[in-house]
Amino acid sequence: MMAFSKYVAKRNSYSYPAVGLRGHINCWTEVHFASTHQLDCHQKHLLLSDENEQIVLGYLSTIFWGYYSGKDNAIRSARAQGRAQLALDGKDRRSNGRMRGVKDIGVDKVADEIRVAFDSLRSDYYAEALGRLCGLPQLRVAFASKVCAFLIPAKCGVADSVIAESYPGFGFSVDDNGNVRNTPDNRRNYAAYCSFLQEQADALNSQGEPFQWKDRDGLRYPWRAVDIERALY
């Protein structure tokens, strides 16, 4: 899709904030990281924890991270906190009944759904994992794919409105608000998209150290699927 050198330059200039949540699901704090690699490690540690509450915190932290900034690069910490809280608590809606939250479904159930999604990703069932995650509060395709990318960054990337609009060849359809639709076609397209990201990462890694990407702290790393996505972003 682009020359190897351009991938490196684009990944090196990736500027989305490296920020998340830490603590507990009923008492969290915002945490900033010196590099995207540190963020990825933090998120993966939470999402793959043996403790259900920590898994759920990883899911809430992903929502927080995704809403922290927008296309205009403005920081919206309060909005991100509110979205994470909404995913946890749910909300009453007069016209359509209750908007479910983690507390309606149960912490253990949500953690189990994330574990099952992880197992699906490990077996290369990307569409299945994406569909399962889309059943959790506040997760549609874009945010479900963010969870996938933090669960297995070597295999997965984010499929959001930026990717859908900038690269129509991936085939992601969007609604009137620009959100990637939760449809069987889009879930299948996500599987093909992840395969593409992996292939591009393998191709860059075959070029050796000179084509590794540089993180914000100056350290260099081999390519993963998520790094290709961040270069495309």
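Under the condition of being closer than 10 Å to ARG216 by Cα and either over 17 Å from the mean Cα position of the chain (by Cα) or of a type in the set (Gly, Ala, Ser) (or both), which residue from segment 19-39 is surrounded by the most Cβ atoms within 10 Å (Cβ to Cβ)?
SER35
Taking segment 167-181 as the search range and keeping residues that are at pLDDT 95 or above and touching a helix residue (DSSP H, G or I) at 6+ places or on another chain (Cβ under 9 Å), which one is nearest to PHE143 (Cα to Cα)?
VAL180
One line per residue, one yes/no per condition, for (1) without any contact (Cβ under 8 Å) to a residue 60 or more places away in the chain; (2) closer than 13 Å to ARG11 by Cα; (3) out of contact with any Pro (no Cβ under 7 Å at 6 or more places or on another chain); (4) of a type in the set (D, E, K, R):
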{"position": "SER166", "(1), (2), (3), (4)": "no, no, yes, no"}
{"position": "PHE170", "(1), (2), (3), (4)": "yes, no, yes, no"}
{"position": "GLY178", "(1), (2), (3), (4)": "yes, no, yes, no"}
{"position": "ASP185", "(1), (2), (3), (4)": "yes, no, yes, yes"}
{"position": "TYR193", "(1), (2), (3), (4)": "yes, no, yes, no"}
{"position": "GLU209", "(1), (2), (3), (4)": "yes, no, yes, yes"}
{"position": "ARG216", "(1), (2), (3), (4)": "no, yes, yes, yes"}
{"position": "ARG220", "(1), (2), (3), (4)": "yes, yes, yes, yes"}
{"position": "ALA231", "(1), (2), (3), (4)": "no, yes, yes, no"}
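Can you tell me how many residues in segment 203-233 are assigned to a helix (DSSP H, G or I), among the charged types (D, E, K, R) and surrounded by 14 or more Cβ atoms within 10 Å (Cβ to Cβ)?
3
Would you tally the residues in segment 142-171 being hydrophobic (A, V, I, L, M, F, W, C), over 8 Å from the mean Cα position of the chain (by Cα), more than 17 Å from SER120 (Cβ to Cβ) and buried (at least 20 other Cβ atoms within 10 Å of the Cβ)?
2
The values are calculated or read from the model by the stated rules, or taken from the named source; none is laboratory data. This structure is a prediction, so every number in the text was calculated from the model and none was measured. Please note: Cβ atoms are built from the backbone with ideal geometry, for glycine as well, and neighbour counts cover all protein chains shown.
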